[in-house]
Amino acid sequence: MIKAGIIGATGYAGSEIVRILLGHKDAEIVWYGSKSYTDQPYGDIFQNYFQIVDADCKGDDLNALAEQVDVIFTATPQGYLASVLSEEILSKAKVIDLSADYRIKDVSVYEEWYGIEHKSPQFIKEAVYGLCEKNREEIKKARLIANPGCYPTCTFLSVYPLAKEGYIDMNTLIVDAKSGTSGAGRGAKVANLYCEVNESIKAYGVTTHRHTPEIEEQLSYASGEKVTLNFTPHLVPMNRGILITAYASLKKPADYEELKAVYDKYYQKEYFVRVLKKDVCPETRWVEGSNFVDVNFKIDPRTNRVIMMGAMDNLVKGAAGQAVQNMNLLFGLPENEGLKMPPVFP
């Protein structure tokens with residue numbers, strides 16, 4: 001039985017890790033970490049766990065936690081893990097970090113986009129980017145996993161096959177993204193109040209969103225060339241979900257069957273990536289509450305462009321589910337263990 005500890009267990013992503021691990025036959029949670037709610041019953045904070053979780057929240061002492069568990073999940077703000085991680089901690093427990101602290105390999109890029117000093121750059125090189133569909137073998141051997149961001153995960157999986165096979169001009173790539181409000185976290189912010197969000201949609205982080213360099217870096221690895229793109233996210237008045245619509249020019253004319261074969265080449269054996277039938281567009285309602293990503297594409301011969309689309313739950317495949325998927329790989333378990341739950345509808 002894998003013993004797990006969660007720092008940030010009272011945030012949205014942290015509570016999703018709890019939900020998933022409670023249904024995982026090979027893992028048990030022994031530490032519900034929350035600096036804000038220390039010593040309070042977890043079931044009082046989240047009433048959905050009333051009489052299900054009989055444990056109080058503990059603090060965020062990673063050194064004490066590492067003595068008690070096999071794996072630590074850190075669902076914490078940017079900069080937290082980088083400020084406390086040590087060789088001693090990594091020698092005792094695997095660490096899966098849901099922040100951006102170890103995703104970007106160039107520390108100067110991280111510091112520029114996130115506006116904070118990186119406190120432990122010595123661990124960046126060894127951290128494995130935890131996108132299981134791409135880095136599966138490297139993940140199995142890692143001590144430190146940089147769990148990918150939600151927007152980068154959906155964007156990458158939507159675009160990757162055509163970028164990898166050289167079908168699209170990466171200089172023409174534009175990514176339009178939309179997310180539910182849970183993507184902003186559980187903290188109280190005026191801009192996320194019900195009356196501020198309901199019956200409205202808005203772009204935000206235009207040209208400045210922090211996931212931009214992560215998307216560019218991963219697509220650069222995939223395409224073998226430096227990628228610079230426009231990424232524009234939008235806030236949609238719904239709880240969960242991400243929808244990606246990416247546009248790029250084709251390097252040469254191609255028909256549906258040819259591009260479908262490319263997607264099938266990469267995803268036919270992937271449990272969590274579902275390539276939809278022709279002309280079926282991904283929708284967030286068909287992936288909600290699950291670790292599945294639905295992708296598809298549409299060719300526009302009039303403009304010689306291809307439109308690549310993806311939908312997923314930002315809290316599951318975009319955060320907690322992907323973290324558990326990484327845990328399964330780290331400990332030699334079936335990758336989909338604890339993650340087979342179908343999407344919830346309605």
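What the phi angles of segment 183-198 give under the Karplus curve with 6.51, -1.76 and 1.60, with θ = phi - 60°, is a coupling list of x, 8, x, 9, x, 7, 9, 4, 5, 9, 5, 3, 5, 7, 9, 4 Hz, glycine and proline written as x. Quick one: which of LYS105/LYS141; LYS189/LYS317; LYS105/LYS189 span more than 28 angstrom between C-alpha atoms? Exceeds cut-off: LYS105/LYS189. With all projection directions averaged, the alpha carbon convex hull of the chain covers 17.0 nm². When you filter the GluC sites (Glu not before Pro) in segment 192-233 for DSSP loop state and at most 15 other Cβ atoms inside 10 Å of their Cβ, you are left with GLU199, GLU225. Using a cut-off of 10 Å between beta-carbons, work out the net charge of the residues near ASP294 (Lys and Arg +1, Asp and Glu -1, ASP294 not included). Net local charge, ASP294 excluded: 0. Remind me, relative contact order of segment 151-313 in percent, using alpha carbon pairs under 8 angstrom and six or more residues apart? Relative CO of segment 151-313 lands at 30 percent. Shown for TYR151, TYR42: other C-beta atoms within 10 Å of each C-beta, ranked fewest to most, produce the order TYR42, TYR151.
The spread of Cα positions in segment 2-126, taken along each principal axis and listed from longest to shortest, comes to 47, 27, 23 Å. Loop-located chymotrypsin sites (Phe, Trp or Tyr not before Pro) in segment 45-76 (DSSP state not H, G, I, E or B) with no more than 14 neighbouring Cβ atoms inside 10 Å: PHE50.
With semi-axes defined as the square roots of five times the eigenvalues of the C-alpha gyration tensor, the equivalent ellipsoid of segment 151-313 measures 28, 18, 14 Å, largest first. The helix-only estimate of mean residue ellipticity at 222 nm for the chain, built from DSSP H runs of length n ≥ 4 each weighted as -39500 (n - 2.57), is -8000 deg cm²/dmol after division by the residue total.
The simple spin-label model puts a point 7 Å past each Cα toward its Cβ; for ASN198 and ARG210 those points are separated by 2.9 nm.
Loop-located chymotrypsin sites (Phe, Trp or Tyr not before Pro) in segment 198-239 (DSSP state not H, G, I, E or B) with no more than 16 neighbouring Cβ atoms inside 10 Å: TYR204.
We did not get these values from a lab; they are worked out from the coordinates using the rules stated. Because the structure is predicted, anything quoted here is derived from the model rather than measured. Don't worry about glycine lacking a Cβ; one is built from the backbone with ideal geometry, like all the others, and counts go over all protein chains shown.
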